[in-house]
Amino acid sequence: MVAVLVVIATLLALLKYVEAATMLIAVTALVLGVLRLVLGDTSPWKVRSRGFDAFICIGLGLGLILTYLSIGQLS
């Protein structure tokens, strides 16, 4: 499912829908971070500890949103 969402985001970006592509990746990362917290050790994607994985995913999601919004304000 995550791979499908990444492919969709890539196609959106190629079609010049950069905001939609960015938000799709950001929301996917946020959801994955929350799921990693909730599922714990039964999560199908584990890299490090539960807290580390969730922090990285949620940080990526929020970072993408904040970066996109800050760039949008400049142009």
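Among the residues of region 1-17, write down those that are free of Cβ contacts under 8 Å to residues at least 12 places away in the same chain, open to solvent by 50 Å² or more (accessible area, probe 1.4 Å) and either touching a helix residue (DSSP H, G or I) at 6+ places or on another chain (Cβ under 6 Å) or not polar (S, T, N, Q) (or both).
MET1, ALA3, VAL4, VAL7, LEU11, LEU14, LEU15, LYS16, TYR17
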*Candidate set: region 1-16, residues that are in a loop (DSSP other than H, G, I, E, B) and among the aliphatic types (A, V, I, L, M); chosen: the one nearest to TRP45 (Cα to Cα)*: MET1
_I'm trying to understand the selection: among the residues of region 17-62, which are among the hydrophobic types (A, V, I, L, M, F, W, C) and assigned to a loop (DSSP other than H, G, I, E, B)?_
TRP45, VAL47
*Limited to region 28-41, what total is found for residues that are open to solvent by 70 Å² or more (accessible area, probe 1.4 Å) and in contact with a helix residue (DSSP H, G or I) (Cβ under 7 Å, 6 or more places away or on another chain)?*
1
*Within region 42-67, tally of residues that are surrounded by fewer than 16 Cβ atoms within 10 Å (Cβ to Cβ) and closer than 27 Å to VAL18 by Cβ*: 7
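The values are calculated or read from the model by the stated rules, or taken from the named source; none is laboratory data. For clarity, every value in this text was computed on a predicted model and none was experimentally measured. Glycine gets a Cβ as well: all are built from the backbone with ideal geometry, and neighbour counts include every protein chain shown. The area values use the complete protein model at the heavy-atom level, side chains included, leaving out ligands, DNA and RNA. Shrake-Rupley method; radii C 1.70, N 1.55, O 1.52, S 1.80 Å.
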